Amino acid sequence: MSPPLSQAEPLAFAPTPETSSPRSGDGGGDPSGAAKRGPFRPGRLVPSRARLETRLLARTFRAVDILIAAAVAVAVTALGAPIVAGLWAIAALIGLRLVGAYAFPRKQPLAAHMTRAGLALGVSLLMGIGASLATGGTQTPVVWTLLAASGAVAGAHVAWWTVIARGRAQGRLTPNIVVVGATKNAERLIEAAMRTGEVNVLGVFDDRLDRAPANILGVPVLGDTGALLDHRIMPYVDRVVIAVASTAQTRVRQLVEKLDVLPNPLHLFIDVGGAAEDDAALVRIAAGSEAPLSGSPASTRRALLKRAQDLVVAGLGLLVAGPVMLLVALAVKLDSPGPVFFRQRRHGFNNEAILVWKFRSMRHEMADASAARQVSADDDRVTRVGKFIRKTSLDELPQLFNVLTGEMSIVGPRPHAIGMKTAGVESAKLVAQYAHRHRMKPGVTGWAAIKGSRGPVDTPESVRLRVALDVEYIERQSFWLDLYIIAMTIPCLLGDRSAVR
């Protein structure tokens, strides 16, 4: 029942010229385009939802080292040397922490990392052998066990360093930012990024394009702040950083008010101090340790908990709903000609364009991928089977595959079609805070759904209500609220027979 992946469109950014801006910075099909895109641009841009944190990986690596040390301690204790076991394990773990073996600085070669790890492991090995001699003489099995254990931990650190290096090369561990303000302060930020490697600066935006250079230290000026609001690079951007002079407080306030509609977190780079202060400020911005000027502060723990919840619920959902999905697929195929699945491009996290899967409920030749005309009661485009699966929301079940791939969550704002219109007007233009819905992954169900805002949003008032409920959910989101929404979804669907779906 898995959707054919060969039909899915790639998520990688396709570098094509921007038509909305006089300076796109993209090379298009020109072989020299890579140079025009600047010194920070990775070969493949990864959506911000797929970004990983080095700190999280480092904690995982340390937990594995602790498990290895614990297993070795048990083995050495079984050989009759509990003091040696405890001393080696404690010395190895503390030593690795003290020498910074879990820091993984950028641009640190493998040899330098293994020198640090080898120092800690060598000292712990000598301490273990010394303790063995002090407590009754050298036992050959104990010594060989400690040697093997030290080698295992050393091998693990080669693997840890390789994972980090590969993740950075693929763009999964280095945050992407864009800078607002083609200023001297922006130049300082870019210089700090070049020194530290903490972020990839993908581009610069400035309202005063007539005075702005074509690039700053090779980083292209992509357009004005108006272009920033819907630039195709934004789904790959983790932070938007204002880099105008700190003395221009009115200008900063105006930019914050204008850019508050973005789903991307907004930060301020202060031009105070020297290079060391610039580097430290950039590290804090890259790590998300400073509260953003707009948007919700990132919580790694909350994101991990939500992802685990998604995987468990989606996995169980597919097991339970699998037979039902097979029957629905057969009914759709027999009812009318055309494919079983309907794919529609919708907005995901950070305005990323994702392909959302549904069972086809309309006649194939009348499908409306852009939602220019929303579904109404007695819609002639909907098939007989389509009416039933829409009424029962069975048409949404294939979105469990979107959850497993990480494009969607079980609970979140419902994804809307890109360019969807309400009363002839693009829905996104009816509410200034519309993009706030995209500060979280879209969901199969959501707070708005159980509060009565289901089905089409065919009036400006319904759009405003949907956005207000979605923003309320994003501000309140928690593990327990998600469980409540999941539990209430089926009763709400069964109890509401008046909603058009």
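The values are calculated or read from the model by the stated rules, or taken from the named source; none is laboratory data. Values in this document were obtained by computation on a predicted structure and should not be read as measured data. Cβ sites come from the backbone with ideal geometry, for glycine too, and all protein chains shown count toward neighbours. Each accessible area value is taken on the protein alone, full model and side chains, heavy atoms only, with ligands, DNA and RNA left out. Shrake-Rupley method; radii C 1.70, N 1.55, O 1.52, S 1.80 Å.
Relative to the Cα centre, the charge distribution of segment 54-170, modelled as +1 at Lys and Arg Cβ and -1 at Asp and Glu Cβ, gives a dipole magnitude of about 660 debye. Spin-label model, Met488 to Ala63: label points 7 Å out along the Cα-to-beta-carbon direction sit 3.2 nm apart. Measuring r between the beta carbons of Ala321 and Glu472 and using R0 = 35 Å, the FRET efficiency lands at 0.75. Length gained on full extension, Ala134 to Asp380: 79.7 nm, using 0.36 nm per residue less the C-alpha separation.
Straightening the chain between Thr77 and Val425 buys 118.0 nm, computed as 0.36 nm per residue apart minus the Cα-Cα spacing. Note on the chain: with neighbouring protein chains present and a 1.4 Å probe, carbon and sulfur make up 63 percent of its accessible heavy-atom surface.
Extension gain for the segment Lys387 to Arg208, taken as residue separation times 0.36 nm less the Cα-Cα distance, is 59.2 nm to one decimal. Once Lys and Arg get +1 and Asp and Glu get -1 on their Cβ, which of Leu334, Gly317, Phe479 lies farthest toward the positive end of the dipole of the chain? Result: Leu334. Partner lysines whose Cα lies under 25 Å from the Cα of Lys107, excluding those fewer than 8 positions away in the same chain, are identified as Lys36. Projected label points at Ala275 and Ser336, each 7 Å from Cα along the beta carbon direction, are separated by 6.6 nanometres. Heavy-atom accessible surface of segment 54-170, averaged per residue, reaches 50 Å², computed with a 1.4 Å probe.
Per residue, the convex hull spanned by the Cα atoms of segment 54-170 measures out at 79 cubic angstrom. The H on the amide N of Asp271, modeled in the peptide plane, is under 5 Å from the matching H of Ser246, each at least 5 residues off or on a different chain.
Hydrophobic long helices, here whole DSSP H runs in the chain with Kyte-Doolittle means of at least -0.5 and Cα atoms spread over 30 Å or more along the helix axis, are found at 54-78, 110-134, 140-169, 300-335.
Rounded to the nearest 0.05, what FRET efficiency do Ala245 and Ala50 have when you use their Cβ-Cβ distance and R0 = 45 Å?
With a Förster radius of 45 Å, E is 0.85.
Each Lys or Arg adds one and each Asp or Glu subtracts one; over the other residues with Cβ under 10 Å from the Cβ of Thr445, this totals 0. Restricting the count to DSSP beta bridges whose residues both fall in the chain, what percent are antiparallel, rounded to a multiple of 5? In the chain, DSSP labels about 45 percent of beta bridges as antiparallel.
Quick check on my link table: of Lys358/Lys387; Lys306/Lys429; Lys391/Lys421; Lys258/Lys429, which ones sit more than 24 Å apart, alpha carbon to alpha carbon?
The pairs that break the limit, which is 24 Å between Cα atoms, are Lys306/Lys429.
In percent, rounded to a whole number, the relative contact order of the chain is 12, using alpha-carbon pairs under 8 Å and six or more apart. Given R₀ = 25 Å, what would the calculated FRET efficiency be for Leu404 paired with Leu305, taking r from the Cβ atoms and rounding to 0.05? The computed FRET efficiency comes out at 0.90.
About its Cα centre, the dipole of the chain is roughly 580 debye, where the only charges are +1 on Lys and Arg Cβ and -1 on Asp and Glu Cβ.
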